[in-house]
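The next block holds one structure in the form of structure tokens; read it before the comments.
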């Protein structure tokens, strides 16, 4: 049976020690056993579970989404319809965020166009537009002349 310390687990998964401890605190990773010197000792199951969690996180899943997926992973005989629903919802959320990011990009492009040549900071169109309190609404950036 493989038993490794937290540093080795971090190295094998690419996670930081702090991240591993955080996932333990959040209940995503079960508490490891301890050595006589009180070092955490992780088994193969910890490695596999951590890799699962990290993969979910690279897909920008929330900890609650990961927690739900882990419930199904831990119960292999459960029907996975809710897993499909969770992923469908996540896909919708990503699509909305992509639209928001596209709008942000357009606003930044409009802002960038406020200063087409080098000038003093005092007359910088970008800085003056950012300082203009009347344009707190992000839609106003495209309306500025």
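Quick check on my filter: what residues within the stretch 31-41 are out of contact with any helix residue (DSSP H, G or I) (no Cβ under 7 Å at 6 or more places or on another chain), in a loop (DSSP other than H, G, I, E, B) and surrounded by 13 or more Cβ atoms within 10 Å (Cβ to Cβ)?
39
Can you say whether residue 70 is within 24 Å of the chain's Cα centre (by Cα) and in contact (Cβ under 8 Å) with a residue 40 or more places away in the chain, as far as the supplied structure shows?
Criteria met by residue 70.
Answer yes or no: is there a residue in the stretch 83-96 that is on the phi > 0 side of the Ramachandran plot and at pLDDT 90 or above.
Within the stretch 83-96 (the criterion being on the phi > 0 side of the Ramachandran plot and at pLDDT 90 or above), the answer is no, since none of the residues qualifies.
Among the listed residues 7, 27, identify the single one that is closer than 28 Å to residue 93 by Cβ and surrounded by fewer than 16 Cβ atoms within 10 Å (Cβ to Cβ).
On inspection, the qualifying residue turns out to be 27.
Within the bounds of the stretch 84-103, is there any residue that is within 30 Å of residue 18 (Cα to Cα), loosely packed, with under 13 Cβ neighbours inside 10 Å and touching a helix residue (DSSP H, G or I) at 6+ places or on another chain (Cβ under 8 Å)?
No, every residue in the stretch 84-103 fails to be within 30 Å of residue 18 (Cα to Cα), loosely packed, with under 13 Cβ neighbours inside 10 Å and touching a helix residue (DSSP H, G or I) at 6+ places or on another chain (Cβ under 8 Å).
Being in a loop (DSSP other than H, G, I, E, B), at pLDDT 95 or above and within 23 Å of residue 76 (Cβ to Cβ) is the filter here; which residues of the stretch 1-26 pass it?
26
Restricting to the stretch 113-142, give me the number of residues that are modelled with pLDDT of 60 or more, within 19 Å of residue 103 (Cβ to Cβ) and assigned to a helix (DSSP H, G or I).
3
Kindly check whether there is at least one residue in the stretch 20-36 that is assigned by TED's automatic domain parsing to the domain that holds residue 128 and over 30 Å from residue 128 (Cα atoms).
no
For the stretch 42-65, what are the residues that are farther than 22 Å from residue 1 by Cβ, surrounded by 15 or more Cβ atoms within 10 Å (Cβ to Cβ) and either out of contact with any helix residue (DSSP H, G or I) (no Cβ under 8 Å at 6 or more places or on another chain) or free of Cβ contacts under 8 Å to residues at least 24 places away in the same chain (or both)?
The answer is 56, 57, 63.
Just a yes or no: is a residue in the stretch 74-83 in contact with a helix residue (DSSP H, G or I) (Cβ under 8 Å, 6 or more places away or on another chain), closer than 24 Å to residue 19 by Cα and in a helix (DSSP H, G or I)?
Within the stretch 74-83, none of the residues are in contact with a helix residue (DSSP H, G or I) (Cβ under 8 Å, 6 or more places away or on another chain), closer than 24 Å to residue 19 by Cα and in a helix (DSSP H, G or I).
The values are calculated or read from the model by the stated rules, or taken from the named source; none is laboratory data. Treat the numbers as computed from the prediction; the structure is a model and nothing was measured. Here the Cβ is made from the backbone with ideal geometry for all residues, glycine too, and neighbour counts use every protein chain on show.
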